[in-house]
Amino acid sequence: MTGAKDHVTVTVRAFATLREVMDRELRCEYPSGVTVGTLLRDLVQKYNGLGALLFSDPETLRDYVNILVNGRNMEFLAGLSTPLADGDTIALFPPAAGG
Amino acid sequence: MDGYAGKIVYADLSAGKVLIKPTPPELKKLYLGGRGFGIRLLTDMVDPKTDPLDAKNVLVLAAGPLTGTGTPLGSRYEVSTLSPLTGAAISANSGGVFGWKMKKAGFDAIVVSGKAKKPAWLFLDNGKAEIRDASGLWGKTTGQTTDAIQNELNDKGVRVACIGPAGEKLVRFACIINEKTRAAGRGGVGAVMGSKNLKAIAARGDQMIKPADEAKLKAVNERVKKKLEENGIEQALQKYGTAVLINIINENYVMPTRNFQSARFAAAEKVSGETMAATILKQNKGCYSCIVKCGRVCNVDGELGEGPEYEPDWAFGPDCGIDDLKAVARANNICNEYGLDAISAPTTIACLMEMAEKGYVKHAVRFGDAKGMLALVEQIAKREGIGDELAEGSFRFATKYGHPELSMSSKKQELPAYDPRGIQGYGLATATSVRGGDHVYGYMIAPEILGSPQKLDPYVTAGKPQWVKTFQDLTAGIDASGMCLFSSFALGADDYADLVAATTGMKVDAAELLKIGERIWNLQKLYNIKRGFGRKDDTLPARLLNEPLKEGAPSGQVSRIGEMLDEYYTLRGWDRDGVPSPAKLKELGL
Ligand code: SF4
């Protein structure tokens, strides 16, 4: 076991079509310093079919995919480089809309 | 041919006469159709001093040139009138099949004036129009009325737009329902119909509606179809319906909860589009010539109904503190049957819930009380008990009991399902909406939350006035064209302009379409100024301006419309009071 300081535990929540390929909610532990990008790449490894739903190429999210970190769109934080802190909640949305 | 049916029918219910006239070419050129026709005809015909429920008000139902011409999502018609809820010249939009049938019957617009001596319905039958006796229909629900007219004519193909008991009782937010479940929802257009003793309008016919350039339209239609099919947002609309927004808005911490007291509903998942799809959803359904088919047919313990869409789902759900999806769906069905706006009815109930909890009104209902909520919906529709007071809308109700600040409305119309404190551009759009609290006169949620056409930071005010103006003008143009606004997640101004040009043969590019939209917006604004509206009305409830959000990322924020309003007016060519300048009016030919 590593000390709690070296690790962060985050909650991931998936919505709409993403639920067809992954768990709707999971908790993940990472070494501290982990970014949204690392988390997503890890999830893509773990869940078959997720990559195609989220990414248009390995570094670019598909149009209208929205990733929220504690309710804030990561686009207005540091994008895929946004660092994650212990206790963060990351919400993953495929393209979706209403009105 | 030019995509138009070619005629407008004028029904004077006081005189019991109908008159049919050609659709004026100038009207087509300057106002296109739909909302443009409606606002122009309404403001031409009605003195600005008129009370909305007076016989002198008129009701205009108008389709657009793209309605019913086979263009995907070309399904809409628009109802324009003076609103008994807001007092403004407004329009409300509906889909389904009625708009197409109206044109097949030979009419681009239906203009209803006066008041019938006894209940009447209007029959548009393949180029002819007649006023018929509706005494036997009065008191019936929208479903019963539709069935009765179809049975009387022995024709299931005839399409019916009608009011339910709520419209008859002049509930200030009664709506007009076509095909039993599609609503021209907002602003009380159904009450105006009721005030005229007009129960229904039915249409049938086989008139040809041909575009100006068939080959060109075919090519543009193909392009548009491809864009719609390939767009991820449109695909999600098909799969989950509009209620997919429940989780999105909630996770952004901008989901108005318990009458906007907070912006996060812990049990949102229970009323989400995902839960709906996994439980009560039977199938999806589309309006005329729609390939997206976002409509939901739901089965609640054997009772089939359509919806709930996102807005009523939120309003009967989180805004009333209710997490029972079946109760929400039932309440939505009652609104369709009785002809109530499924945004204003539940949000007015949410207002009562807060007033009752705070002890400002003596009533047993509390947030989370699904049974109490369902009873109140019926009471409002029938104007029974406290329902009679709630039928006046949340603003008049809350004011009567000394707490207007608890009405979550703008220009007396209840706000929809987004908390402006965490979505700054949306706040400006809804505060400046010429029809009152609203989301579909300029859907800033698209860029600020959904990232379409691009991601805009919802917490920032800079640059938003220009976006709001453009969205408002483009939406007015789309509403005039007859297209469903949901197409705009995939299509841009160029696409609409190409569709309009190929259909009508008129020279319309993106700039011209935006100009038509801007003309409609300014005409509506100008007329509403004559009705007493001004800068003081372009605002939001004090709670949203002064009480910061307390949870999640937008914590600490209030709506900062004050930072944006002057710039917005300037961009519009209006003075500090929001009055269009002579130069702007000249530019728009007003
Ligand atoms: S997208 Fe939905 S509302 Fe629009 S035309 Fe299609 S089914 Fe009707």
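The values are calculated or read from the model by the stated rules, or taken from the named source; none is laboratory data. Every value quoted in this text rests on a predicted model; they were computed, and no experiment measured them. Quick reminder, even Gly has a Cβ in these numbers, built from the backbone with ideal geometry, and neighbours come from all protein chains shown. We work out accessible area using only protein heavy atoms, side chains counted, and drop any ligands, DNA or RNA first. Shrake-Rupley method; radii C 1.70, N 1.55, O 1.52, S 1.80 Å.
Does B:Gln150 meet the test of being surrounded by fewer than 21 Cβ atoms within 10 Å (Cβ to Cβ) and within 14 Å of chain A (Cβ to nearest Cβ)?
So B:Gln150 fails the test.
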Among the residues of the range B:285-299, write down those that are open to solvent by 20 Å² or more (accessible area, probe 1.4 Å), in a strand (DSSP E or B) and near the ligand (Cβ under 8 Å from one of its atoms). B:Lys285
Out of everything in the range B:476-498 that is out of contact with any Asp or Glu (no Cβ under 9 Å at 6 or more places or on another chain) and more than 14 Å from the ligand (Cβ to nearest atom), what residue ends up being nearest to the other protein chains (Cβ to nearest Cβ)? B:Gly492
How many residues are closer than 19 Å to A:Ile67 by Cα, of a type in the set (Val, Ile, Thr) and facing chain A (nearest Cβ under 7 Å) when one looks only at the range B:229-249? 3
Considering each residue of the range B:301-322, count those that are modelled with pLDDT of 95 or more and among the aliphatic types (A, V, I, L, M), and give that number. 2
Suppose we filter the range B:179-197 for residues that are within 14 Å of B:Asn333 (Cα to Cα) and not in a loop (DSSP other than H, G, I, E, B); how many remain? 2
Boolean, B:Gln207 is within 14 Å of chain A (Cβ to nearest Cβ) and either open to solvent by 10 Å² or more (accessible area, probe 1.4 Å) or in contact with a helix residue (DSSP H, G or I) (Cβ under 9 Å, 6 or more places away or on another chain) (or both): no
When only residues in the range B:572-589 that are of a type in the set (A, V, I, L, M) and surrounded by 14 or more Cβ atoms within 10 Å (Cβ to Cβ) count, which is nearest to B:Thr432 (Cα to Cα)? B:Val579
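Scan the range B:250-258 and tell me whether some residue there is of a type in the set (A, V, I, L, M) and open to solvent by 40 Å² or more (accessible area, probe 1.4 Å).
Initial filter on the range B:250-258 (of a type in the set (A, V, I, L, M)): B:254-255.
From what's left, open to solvent by 40 Å² or more (accessible area, probe 1.4 Å): none.
No, the conditions are met nowhere in the range B:250-258.
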For a quick check of your reading: which strands (runs of 3 or more DSSP E) sit entirely within chain A and have at least 1 residues that are touching a Phe, Trp or Tyr at 6+ places or on another chain (Cβ under 6 Å) and open to solvent by less than 50 Å² (accessible area, probe 1.4 Å)? A:7-14, A:66-69, A:89-93
Looking at the structure I just gave you, is B:Gly302 more than 11 Å from chain A (Cβ to nearest Cβ), away from the ligand (no atom under 16 Å from the Cβ) and out of contact with any helix residue (DSSP H, G or I) (no Cβ under 9 Å at 6 or more places or on another chain)? yes
Go through the range B:224-246 and count every residue that is more than 16 Å from B:Ile423 (Cα to Cα), away from the ligand (no atom under 14 Å from the Cβ) and either touching a helix residue (DSSP H, G or I) at 6+ places or on another chain (Cβ under 6 Å) or open to solvent by less than 30 Å² (accessible area, probe 1.4 Å) (or both). 1
Which pairs do you get when a residue that is within 11 Å of chain B (Cβ to nearest Cβ) and more than 18 Å from A:Ala14 (Cβ to Cβ), found in the range A:70-83, comes within reach of a residue that is outside any helix (DSSP H, G or I) and open to solvent by less than 50 Å² (accessible area, probe 1.4 Å), reach meaning Cβ atoms under 7 angstrom, with the pair 6+ apart or on two chains? A:Phe76/B:Asp457; A:Leu77/A:Val69
Here the residues within the range B:1-55 that are out of contact with any strand residue (DSSP E or B) (no Cβ under 8 Å at 6 or more places or on another chain), part of a helix (DSSP H, G or I) and open to solvent by 20 Å² or more (accessible area, probe 1.4 Å) are B:Pro25, B:Glu26, B:Lys28, B:Lys29, B:Leu30, B:Arg40, B:Asp44
Any residue at all in the range B:97-112 that is within 16 Å of the ligand (Cβ to nearest atom), part of a loop (DSSP other than H, G, I, E, B) and within 14 Å of chain A (Cβ to nearest Cβ)? no
B:Ser272 vs (1) over 30 Å from B:Asn221 (Cα atoms); (2) out of contact with any Pro (no Cβ under 7 Å at 6 or more places or on another chain); (3) open to solvent by 30 Å² or more (accessible area, probe 1.4 Å): all pass except (3)
Complete set of residues in the range B:370-391 that are in contact (Cβ under 8 Å) with a residue 24 or more places away in the chain and open to solvent by less than 50 Å² (accessible area, probe 1.4 Å): B:Ala370, B:Met373, B:Leu374, B:Leu376, B:Val377, B:Ile380, B:Ala381, B:Ile386, B:Leu390, B:Ala391
Given the condition within 14 Å of chain A (Cβ to nearest Cβ), within 16 Å of the ligand (Cβ to nearest atom) and of a type outside the set (Ser, Thr, Tyr), answer yes or no: does some residue in the range B:260-275 qualify? yes
Sort out which residues of the range B:149-199 are closer than 18 Å to B:Asp51 by Cβ, basic (Lys, Arg) and in contact with a strand residue (DSSP E or B) (Cβ under 8 Å, 6 or more places away or on another chain), and write them in order of number. B:Lys196
With the requirement that a residue be more than 11 Å from the ligand (Cβ to nearest atom) and either within 14 Å of chain A (Cβ to nearest Cβ) or part of a loop (DSSP other than H, G, I, E, B) (or both), what does the range B:64-78 give you? B:Gly64, B:Pro65, B:Leu66, B:Gly68, B:Thr69, B:Gly70
Residues of the range A:1-57 satisfying the condition of being aromatic (Phe, Trp, Tyr), in contact with a Leu (Cβ under 8 Å, 6 or more places away or on another chain) and over 14 Å from A:Ile67 (Cα atoms): A:Tyr30
